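Values quoted throughout were computed directly from the atomic coordinates according to the rules given, and no laboratory measurement underlies them. From a predicted model like this one, the values you see are computed outputs, not experimental measurements. Virtual Cβ from ideal backbone geometry, glycine too; neighbours counted across all protein chains shown.
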Amino acid sequence: MNDNLNDNLNDKILLMQQQMDHLNSLKKKVEENQLQKRSDVQIIQQKIAKLNREIMFSDRDVEHKQKLWQTALKNNEALKQEHKKFTGHLEIITDAHKKERTCQLNILQEKIKEFNL
């Protein structure tokens, strides 16, 4: 009976050892099954890193172009204001010239009338 009990105990120990080995095997698989080790994940992470760099450069480009746009807009507005100012000056000069010419023509017509009398 002692042999039978001993065999039964050995069987249980062996079964328990097999179960522990199986659990350790499962544990090892779980530990090795890391997301970063998957090739598809690595490819996606590389693409994301590349896109992050491209976005960073694109953001800088947008910011630079916005500054250039603002500068161009200010320059355009300054040119329009200067154009308006010179157009106004030209209008004043033109009006004054027309008045002076009209006055000169009137004087000329009066002198012509005087000589024709």
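Of note:
- For H83: the one exception among (1) within 38 Å of the chain's Cα centre (by Cα); (2) surrounded by fewer than 10 Cβ atoms within 10 Å (Cβ to Cβ); (3) not acidic (D, E): (2)
- Any chance V30 is exposed (fewer than 10 other Cβ atoms within 10 Å of the Cβ), of a type in the set (V, I, T) and either assigned to a helix (DSSP H, G or I) or in contact with a strand residue (DSSP E or B) (Cβ under 9 Å, 6 or more places away or on another chain) (or both): yes
- For segment 23-68, the set of residues classified as within 14 Å of the chain's Cα centre (by Cα) and hydrophobic (A, V, I, L, M, F, W, C) consists of L51, I55, M56, F57, V62, listed by residue number.
- Test: D95 is within 38 Å of the chain's Cα centre (by Cα) and in a helix (DSSP H, G or I): no
- Tabulated pairs, segment 36-61, first surrounded by 10 or more Cβ atoms within 10 Å (Cβ to Cβ), second outside any helix (DSSP H, G or I), C-beta under 7 angstrom, 6+ apart or interchain: none
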